[in-house]
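The numbers here are math on the coordinates, done by the rules we state, and not lab data. All figures in this text were calculated on a predicted structure; none of them were measured in a lab. Cβ sites come from the backbone with ideal geometry, for glycine too, and all protein chains shown count toward neighbours.
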Amino acid sequence: MADVWLQALLVTDSTVRLAAPLVLAAMAGLFSERSGVVDIALEGKMLGGAFAAAAAAAYTGSAWLGLLAALVVSYLLAMLHGFATITNRGDQVVSGMAINIAVAGLGPVLADAWFHQAGRVPVFGAGTRFTEIDLPFAEAARAVPLMGSFYAEVVSGHNLLVYLAALSVPLTAFVVYQTRFGLRLRAVGENPAAVDTAGIPVARMRYEALMVTGLLCGVAGAYLSIGQGAGFVRDMTAGKGYLALAALIFGKWRPVPTLLACLLFALADALQTRLQGVTLPVIGELPTQAIQALPYLLTILLLAGFVGRAVAPKAIGQPYVKER
Amino acid sequence: MAAGATRPGEAPPPAVELQGIDKWFGTNHANRGIDLAVMPGTIHGIIGENGAGKSTLMNILFGFLEADGGRILVDGEPRRIRRPEDAIRAGIGMVHQHFMLVEPFTVVENVLLGAEEGPLLRRSRAKARAELGRLARDYALDVPLDAVVHDLPVGLQQRVEILKALYRGARILILDEPTGVLTPAEADHLFRILTGLRDQGRTVLLITHKLREIMAVTDRVSVMRQGAMVAHRETAETSREDLAELMVGHKVILRIDKGRARPGAPVLEVRDLWVHDRQDVPRLKGLTFDVRAGEIVGVAGVSGNGQSELLEVLSGILHPTKGEVRVGGEPVLNPAQGRSLGVGHVPEDRLRVGLVRTFPAWENAVLGHQRDARYEQGGFMRRRRIRDVCRDWMRRHDVRPQSCDLEAGGFSGGNQQKLVLAREMEHEPGLLLVGQPTRGVDIGAIELIHKRLVALRDRGKAILLVSVELDEVMALADRILVMFDGTITGEVPGEGADERRIGLLMAGIAEEAA
């Protein structure tokens, strides 16, 4: 019994670790998409942030400067997306894809040029990463059955960025539903003409939304390379940006349901690591590839079957042009 | 005009004054030196046909569009209004024809948007509730505050729009075609609201093309035609007929010689035809008429009274909710099948419906007939053949420049029209539907187009002509049907038609009363 409980705690713990970047990216996407700008470039911004964080941390030896670099790069990529799609009314999917492809290529090339490690940026040394923080009384609590061990294993012992990810959800919900900015954000994605006639500049609102998107994606990227991991490797986001986007759609562009969707995807991911090499009754040992595909299969299943009518912001994907 | 203060005893300055407003859209002169003065505490109507430039003018006043010339004075002071927020600050509010509401928002959220107090919503919500309660009491503007706008009927959605403007402190309220989406009962309630607003000292600008509304609720009225302000009247001192005539105007059209019509068997038979729009408002209310071979039937009326819908139904674009349309005894189901029955259609909006702007003239010349064996062989277009045909038509219909490769959008409006007319007439339709054949066409070309229509008639074809130019209808038609509010109010013979009688019918005054 105790063993099963411990197994469950370990899976939950790794679910939290795996969910953190998804949650950050999904909240990032929520701001952009609620403002009416489709953002498939979450992937590219995360990857760019991951590279920048690793490069800056390796160069300066400071995790904080690494995070700052990730924020700056991801923010600039978001502004590029804005310039292409808001100012110049380009196609949002095309612009997003272009950013993804450009970053996927640029990262390894710059890494190779600067660090000569076959396109990787290893990060080592004291203070170059965000390391696990033990919350107060974690060791003491371990003795308490159930709740205590949960506190020690799952709640405590993550790096700062995980707690930031956890905080991002209630914060997003508050901003979106309780503030002036949130009201205008939701309005501009539904009916930009109404926002315009209410005397609020549509383009500025959308740029402001993208700023938030850029910063949150930067945190997600830094988490991958100097939080969870220790360095940048080619394509290290591995589709997490798209997964976050799927979670956002599955969560109907609302913060809490989106969080739950992220946790579901992360759970599938945590399970697949555990299931590798395990022999199941009747079926026997599953091929590793089939297990690794689990989170992605789950995505397809959920989006195809269980979302119901996804009520996207009505003006999503449409550049705003004043009617004559 | 001196800005600002008025001495006691002196009449107050107009609430809104427009001086010489000019606006161009490309080559289209949408507002031509418009002057307008609206006195405070009055309901001022602006009437004109669709496309007369009313909405453009109001969008300029609200800062949605910027004028190319002229000035705007509010309460006697010159104001630069370049964006909606400038207008809001000057005390101007606008209820748009298509509501500017966020549908999944509640009424309170919609009212708050852009008028919040501080960065958090809590306090704003409380204040808005109190203020909206007060406005509801003062002006009979009851709306359930926590209802989601999407779930409200259009009449209430419109009240939300009015509340939005009043909440922002609008002293001058512009309503653009406010009754288009309302039932008669809702419209009457709206008028009571507007009267209430006026009685409490606010100024209302009512944009409409409906004479009934002008007569029912306004104090003064200004008439626009083709981008120009043509008349100002005290509502009490004018009449429907007077206004109808001012709206439509008189275009000098040369009389053409045509012989007597020799009508044959009916080609088009319309029986009890009803059409409802998306808001379920009836646009055509039980029309019944025939068009015979060898005659031109003209449809006259102030635009917006169902003529456009009539053309769309007859050509198969729009489906009737009730009744039937038969051509040569067969029902018309869709445009392609209509063509196979020999229906030609020169649509009112040639650039949107009649042509593909980015296709060259030769491709446009066979649009809708591209499957015809003359133009297609084994799935391939017979390019040389089509180009020869196109060149021939361009020469005979005087389309300039005579270049088959020029994109349709590159021709002037008049030449685009000649291209469409050439295509539709050269396929020798049994029935030709023509909407506004000479809109934006110069005098010389008008004469040519008219002659060709008469020639087509003399070859035994049936023609239905819809035009807002009364003189055009009178010059061409053998019989004239007059439409008002989705019905045919009367039929007048084309020969020696009495213009006054047509004017009365256009104003919706039935023959018995006339």
Part-to-part distance (alpha-carbon centres) for segment A:106-179 and segment A:221-235, which is given in Å: 11
Inter-chain Cβ neighbour average for residues B:93-100, partner chain, 10 Å: 2
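Report the relative contact order of segment B:383-458, percent, no decimals, based on alpha-carbon pairs under 8 angstrom and at least 6 residues apart.
Relative contact order here is 25 percent.
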Computed P(r) (all Cα pairs; segment B:351-428; 10 Å bins; percent): 21, 58, 21, 1
Total charge dipole magnitude, chain B, about the Cα centre, Cβ charges on Lys, Arg, Asp, Glu only, Debye to nearest 20: 1220
Lys, Arg +1 and Asp, Glu -1 on Cβ, resulting dipole of segment A:2-306 about Cα centre, debye, nearest 20: 660
Volume of the Cα convex hull of segment A:64-148, divided per residue and given in Å³: 197
FRET efficiency, 1/(1 + (r/R0)^6) with R0 56 Å, evaluated for A:Leu9 and A:Thr87 via beta carbons: 0.70
Stretchable slack from B:Ala130 to B:Arg374, in nm (0.36 nm times residue separation minus alpha-carbon distance): 80.6 nm
Sorted by Cβ neighbour density within 10 Å, fewest at the top, the residues B:Met100, B:Met425: B:Met100, B:Met425
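Using a 10 Å cut-off on Cβ to Cβ distances, tally the other chain neighbours for every residue of A:178-184 and report the average as a whole number.
6
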Shielding score for B:160-166, defined as the mean number of other chain Cβ atoms within 10 Å: 1
Share of pairwise Cα separations in the protein assembly as shown, more than 46 Å, in percent: 43
Separation of the B:Asp219 and B:Lys451 label points, Cα + 7 Å toward Cβ, nm: 5.5
The protein assembly as shown - charge dipole about Cα centre, Lys and Arg +1 at Cβ, Asp and Glu -1, debye rounded to 20: 1120
Label zone at A:Met211, where the point sits 7 Å out along the Cα-to-Cβ direction: segment A:58-98 residues whose backbone N lies under 12 Å: A:79
Overall dimensions of segment B:127-269 as given by Cα atoms, namely Rg and Dmax in Å: 21.2, 74
Length-normalised contact order of chain B in % [C-alpha pairs under 8 Å, at least 6 apart]: 14
Helix-derived mean residue ellipticity, 222 nm - over chain A, DSSP H n ≥ 4, -39500 (n - 2.57), to 500: -21000 deg cm²/dmol
Taking A:Cys262, B:Cys390 and counting other C-beta atoms within 10 Å, the order from fewest to most: B:Cys390, A:Cys262
Modelled label reach - B:Arg278, point 7 Å along Cα→Cβ, segment B:58-102 residues with backbone N closer than 18 Å: B:96-102
Unit charges at the beta carbon, dipole of segment A:2-306: most positive-side option, A:Ile226, A:Gly148, A:Ala104: A:Ala104
GNM top mover of A:Gly61, A:Gly96, A:Gly82 - chain A, alpha-carbon springs below 10 Å: A:Gly61
Of B:Ala15, B:Ala228, B:Gly196, farthest towards positive along the dipole that unit charges on Lys, Arg, Asp, Glu beta carbons give chain B: B:Ala228
Proxy reagent accessibility, fewest Cβ within 10 Å first, across B:Asp280, B:Asp75, A:Asp112: B:Asp280, A:Asp112, B:Asp75
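Only helical DSSP H runs with n ≥ 4 go in: add -39500 (n - 2.57) per run for chain B, normalise by residue count and round the 222 nm mean residue ellipticity to 500 deg cm²/dmol.
My calculation for chain B gives -9500 deg cm²/dmol from helical runs alone.
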Additional length obtainable on full extension of the chain from B:Gln200 to B:Lys322, 0.36 nm per residue less Cα span: 39.4 nm
Leading residue at positive end of dipole, chain B (Cβ point charges), from B:Ala37, B:Gly264, B:Leu318: B:Leu318
Within the protein assembly as shown, percent of DSSP bridges classed antiparallel, to nearest 5: 60
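Between B:Met39 and A:Trp64, what FRET efficiency comes out of the Förster formula 1/(1 + (r/R0)^6) with R0 = 45 Å and r the beta carbon distance, rounded to 0.05? Numbers along the way, then the final one.
Values: r = 66 Å, r/R0 = 1.48.
Using R0 = 45 Å, I get an efficiency of 0.10.
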Whole-angstrom gap from segment A:43-83 to segment B:488-508, using each part's C-alpha centre: 75
Relative contact order of chain A, defined on C-alpha pairs under 8 angstrom at six or more residues apart (%): 33
Radius, Kirkwood style, for chain A when every pair of distinct Cα atoms is counted (Å): 20.5
Length added when fully stretched, A:Ala230-A:Ile283, from 0.36 nm per residue minus Cα-Cα: 15.4 nm
Within a Gaussian network of chain A (alpha carbon springs, distance under 10 Å), most fluctuating of A:Leu167, A:Leu216, A:Leu22: A:Leu167
